[in-house]
Amino acid sequence: MLHHERLRPPSHDYPADEWNVIEKAFHPEFLAQLETMLALGNGYLGMRGCPEEGGPNAENGTFINGFYETRPIVYGEEAYGFAKTGQTICNVTDSKIIKLFVDDEPFWLPDAHLLNYDRRLNMKSGTLDREILWETPAGKQVSITSRRLVSFANRHVAAISYCVTLLNAQAFVVISSEMATNELRARGDGDDPRLARGFSGRVLHQQTNYSKDRLIVLCHATEKSHFTLTCATDNVLKSSCPHSYKVAHTPDFGQVAFTIDARPGCPIQLTKYMVYHTSQTASAEELCGRAEWTMDRVVTQGFQQLLASQEQYMDDFWRRSDVRIKDVRENRTKRSTVEVQQAIRFNLFHILQASARAEDTGVPAKGLTGQAYEGHYFWDTEIYLLPFLTYTSPRIARNLLTFRYKMLPQARARAKQLDHRGAMFPWRTISGEEASAYYAAGTAQYHINADIMYALRKYVQATGDELFLRECGAEMLVETARLWLDLGFYSQRKGGKFCINGVTGPDEYNTVVNNNAYTNLMARENLRYAAQTVEALRTTEPDAYNVLVHKTALEPSEVKAWLQAAEKMYVPYDEKLKIILQDDNFLDEEPWDFRNTPSDHYPLLLFYHPLNIYRKQVIKQADVVLAMFLLGDSFSPETKKRNFDFYDPLTTGDSSLSSCVEAIIAAQIGDMEKAIRYGMAALLMDLADVGGNVKDGCHIASMGGTWMMLAYGFGGMRDDDGTLSFWPRRAPEENAILRFPLTYRGQMLEIEIGLDKVEYALREGERLLIRHEKEEIELTRENPLAVRPVSRR
């Protein structure tokens with residue numbers, strides 16, 4: 001149940017639009033939220049949506065995925081096995097600053113007299129666009145237009161097109177293109193554990209700085225993580241107005257100041273190119289050289305080619321990924337449907353910005369839109385993002401799973417430190433080492449091992465990428481299965497069942513419990529998949545099997561032991577209520593007093609001591625309900641309904657990861673009122689600031705959850721056995737159709753759910769077998785379309 005909602009309906013200054021997030025007036029009170037919502041990124045480089053003029057800012061941020069500094073984690077009382085080293089993403093050199101002066105008067109948004117203001121996140125082109133008409137105190141009217149992009153095609157590149165035109169008078173104009181590396185420290189808040197921890201000293205240390213004509217290069221390095229960063233800018237100004245420029249730079253600052261004798265109606269066009277390169281191994285000299293040759297290429301190509309490649313990338317993304325909703329009653333789309341469509345595309349666009357060029361890295365919980373959660377990678381990626389990526393951008397999904405595979409040596413070392421066999425993947429990390437300072441809600445979440453293997457299985461089933469399974473996946477499966485077998489034991493008090501004690505499930509309001517149902521159920525799937533994969537390799541791919549044995553010293557007896565543990569896995573169950581228990585003692589806890597909890601005391605973790613929460617019957621986010629979604633074939637509709645009805649009133653929704661899952665199960669059991677309510681909360685999590693903390697960055701996993709809610713919930717998609725099947729419901733809006741594409745084994749399927757029928761269309765490929773409810777349907781190039789009635793059960 002949503003015990004708190006902070007929905008902020010859009011005003012006339014933020015009109016709904018299917019392809020844009022629009023700001024029609026400058027509101028300084030919404031600075032922080034809009035910096036997040038209008039952020040740009042490509043998975044490697046991210047820039048918050050701050051004004052070009054260098055301010056005003058709530059949290060000016062430029063981030064490189066995987067570029068972090070370390071710090072010792074200080075505990076009041078040490079204990080063996082605690083994580084020792086914290087990792088925090090760095091706020092790097094800000095290169096997007098372009099300051100404007102007209103007759104020596106600065107253009108500064110809070111003080112400016114604006115005759116027109118339009119800023120928009122253009123999700124079709126992948127740009128941040130702004131048009132301003134400013135009237136100076138002297139009555140001179142100045143048109144200012146800008147277009148910013150962080151390139152998808154050119155991973156290290158961002159660019160700004162900035163045009164100034166005097167409309168009614170001559171003026172002396174200065175455009176100062178700047179870059180600054182300040183002594184930036186992570187913004188921390190001791191009362192909110194979700195925010196980044198601060199540093200006691202300077203983070204980025206100067207290595208070199210120089211200029212070549214209008215090219216400026218600043219190079220810095222971190223002290224402890226040994227990263228080097230090079231940021232370069234170059235500027236091209238075109239105008240028929242007389243102009244000149246001066247260049248200045250220091251170790252932390254660079255400036256190209258253009259002085260222009262501006263004439264009425266004569267455009268002044270500045271193009272600013274920004275390049276970032278990072279490395280833990282290259283020297284400063286080499287990295288500066290890389291930045292220069294990247295810059296040479298993009299300046300030669302020009303802004304229009306960068307923009308064309310950006311738009312081409314976006315066209316391809318939307319072709320593979322766009323989820324469309326349309327009112328069927330009118331020729332025009334009604335406002336509420338436009339708002340839903342805007343929210344859908346906003347979520348999908350930010351997933352793309354967080355993941356597209358995340359190569360040899362993971363996806364931070366906030367993407368590259370803020371420093372909250374310190375830029376760490378969690379289970380979010382595998383459970384909430386990979387379903388969308390697997391079915392729309394399988395190459396990106398493979399990259400992310402490969403990154404997990406590269407963590408395996410550190411995961412083995414962590415397991416050994418914890419006195420386990422096998423591998424233990426970190427709960428939160430950037431480098432691959434565990435960075436969670438609170439073991440009860442960190443290291444104890446062993447389920448991350450099974451989450452990664454679950455995502456692996458889904459990826460292989462959907463793509464047919466058996467090569468990845470042989471070369472990378474099988475090794476991870478062996479080591480994670482070993483850990484489960486070592487972690488659990490056969491309990492005589494539980495009738496010889498295999499039990500797993502002292503773990504924390506997805507619900508972080510119940511920690512270090514015995515037999516968390518989600519953990520046990522997912523561990524069972526992990527063990528089964530490991531045994532199945534190893535046996536398949538042994539019988540059909542003997543060479544690959546021998547390589548696996550060489551890598552892991554696998555013994556045949558281990559596979560039998562995995563299957564036995566899976567068969568004997570204990571899942572707590574209450575016969576009276578006929579529900580799966582979240583853990584052994586959940587029903588023994590005192591129910592939380594929701595009635596007397598003030599509405600402004602959510603999330604509970606910010607207002608109550610953890611012990612007050614842990615001893616009560618209260619849930620932060622879906623736990624058993626999540627298991628019923630992920631392992632849907634294991635539960636009957638009746639079982640899902642009983643469990644949903646029991647756990648829903650106890651769930652606070654304090655986690656952004658909860659609403660989307662609850663919407664899916666509500667849709668599956670036919671409770672469409674709750675499905676829509678929870679679905680809208682998930683859909684508007686950031687765009688309407690449901691959680692009240694969008695200022696700290698986007699909820700990227702929740703955004704992935706919105707796609708799952710639409711495809712698995714309203715679309716009725718099922719893929720538990722590796723075959724696509726559909727039990728469609730309806731669109732989340734009345735009298736609307738829902739349409740979405742899926743990429744399955746290299747072929748593209750499009751599903752359109754109308755008011756009384758569903759259409760399945762094979763858009764790309766030769767032949768595809770799917771199921772509509774229990775009916776098998778064959779789609780071919782010759783017969784690509786099938787139409788079936790929609791069940792309204």
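Among the residues of segment 433-491, those that are outside any helix (DSSP H, G or I) and among the acidic types (Asp, Glu) comprise 433, 434, 465. Look at (1) within 23 Å of the chain's Cα centre (by Cα); (2) aliphatic (A, V, I, L, M); (3) open to solvent by 10 Å² or more (accessible area, probe 1.4 Å) and you find that residue 650 fails only one, number (1).
Yes or no, residue by residue, for (1) of a type outside the set (Val, Ile, Thr); (2) at pLDDT below 95; (3) out of contact with any Leu (no Cβ under 7 Å at 6 or more places or on another chain):
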{"position": "272", "(1), (2), (3)": "yes, no, yes"}
{"position": "287", "(1), (2), (3)": "yes, no, yes"}
{"position": "320", "(1), (2), (3)": "yes, no, yes"}
{"position": "325", "(1), (2), (3)": "no, yes, no"}
{"position": "335", "(1), (2), (3)": "yes, yes, yes"}
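Is segment 388-406 home to any residue that is β-branched (Val, Ile, Thr) and surrounded by fewer than 20 Cβ atoms within 10 Å (Cβ to Cβ)? Checking segment 388-406: at least one residue is β-branched (Val, Ile, Thr) and surrounded by fewer than 20 Cβ atoms within 10 Å (Cβ to Cβ).
Within segment 240-282, if we keep just the residues that are surrounded by 20 or more Cβ atoms within 10 Å (Cβ to Cβ) and more than 41 Å from the chain's Cα centre (by Cα), the residue that is farthest from residue 217 (Cα to Cα) turns out to be 262.
In segment 653-692, of all residues being part of a loop (DSSP other than H, G, I, E, B) and among the acidic types (Asp, Glu), the one that is nearest to the chain's Cα centre (by Cα) corresponds to 686.
Residue 508 meets each of the listed conditions (1) assigned to a loop (DSSP other than H, G, I, E, B); (2) surrounded by fewer than 23 Cβ atoms within 10 Å (Cβ to Cβ); (3) touching a residue at least 60 places away in the same chain (Cβ under 8 Å) apart from (2). Inclusion of residue 399 among residues that are within 19 Å of the chain's Cα centre (by Cα), not aliphatic (A, V, I, L, M) and not in a loop (DSSP other than H, G, I, E, B) is warranted.
If you check 380, 419 for being open to solvent by 10 Å² or more (accessible area, probe 1.4 Å), charged (D, E, K, R), touching a Gly at 6+ places or on another chain (Cβ under 9 Å) and at pLDDT 95 or above, only one passes: 419.
Selection of segment 115-143 for residues being within 20 Å of residue 308 (Cα to Cα) and open to solvent by 40 Å² or more (accessible area, probe 1.4 Å) yields 120, 124.
For segment 693-707, enumerate the residues that are within 8 Å of the chain's Cα centre (by Cα) and open to solvent by 10 Å² or more (accessible area, probe 1.4 Å). 699 - this is the single residue of segment 693-707 that is within 8 Å of the chain's Cα centre (by Cα) and open to solvent by 10 Å² or more (accessible area, probe 1.4 Å).
The values are calculated or read from the model by the stated rules, or taken from the named source; none is laboratory data. This is a predicted model, so every value here is computed, not measured. Cβ sites come from the backbone with ideal geometry, for glycine too, and all protein chains shown count toward neighbours. These area figures cover heavy atoms from the full protein model, side chains too; ligands, DNA and RNA do not enter into them. Shrake-Rupley method; radii C 1.70, N 1.55, O 1.52, S 1.80 Å.
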